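Notes follow once the structure below has been shown.
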Amino acid sequence: MAELKVEGELGLVRDTTTNAIINKDRKAWREFKARRAQQKAKDNTIESLQNEVSELKSMVEALMKTQKPKTTTRSRNKSE
């Protein structure tokens, strides 16, 4: 496989057979993968929290439906 350096880009080369751009910078690749894994973990945490909030809302709504409404009596002011 013959490679040509990509102008203005460190670590990138072009494979002359397939015309593909290849990143030869292994450190940058590992950093990219680590950032992607961190973002995926954050996304999973957010999704989990959203599911928990939704479940809590459903539970509160179910409790509200089973509770009988309390009637309050107001004491009237005799001067009225």
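No value in this document is a laboratory result; all are computed from the given coordinates. Here the structure is a predicted model, which is why all the values come from computation and not from measurement. A quick note on method: Cβ atoms are made from the backbone with ideal geometry, for glycine too, and the neighbour counts reach across all protein chains shown.
Numbers at a glance
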read-out	value
Rounded to the nearest 20 debye, dipole of the chain from Cβ charges on Lys, Arg, Asp, Glu	700 debye
Reachable lysines, given that their alpha-carbon falls under 27 Å from the alpha-carbon of Lys65 and they are not under 8 places away in the same chain	Lys57
Angle between the chain longest axis and helix 26-66 axis [Cα atoms, degrees, rounded to 10]	20 degrees
Selection from Trp29, Ser48, Ala62, by position along the positive dipole direction of the chain (Cβ)	Ala62
For Rg and Dmax of the Cα atoms in Å, calculated from these coordinates, the label among (i) 31.3, 101; (ii) 13.7, 46; (iii) 11.8, 34	(i)
Length gained when the stretch Ala20-Lys68 is fully extended (0.36 nm per residue, less Cα-Cα span)	10.4 nm
17 Å Cα-Cα reach of Lys5 towards lysines, excluding residues that sit fewer than 8 places from it in its own chain	Lys24
Gln38 versus Ser54: modelled label distance in nm, points set 7 Å from Cα along the beta carbon direction	2.8 nm
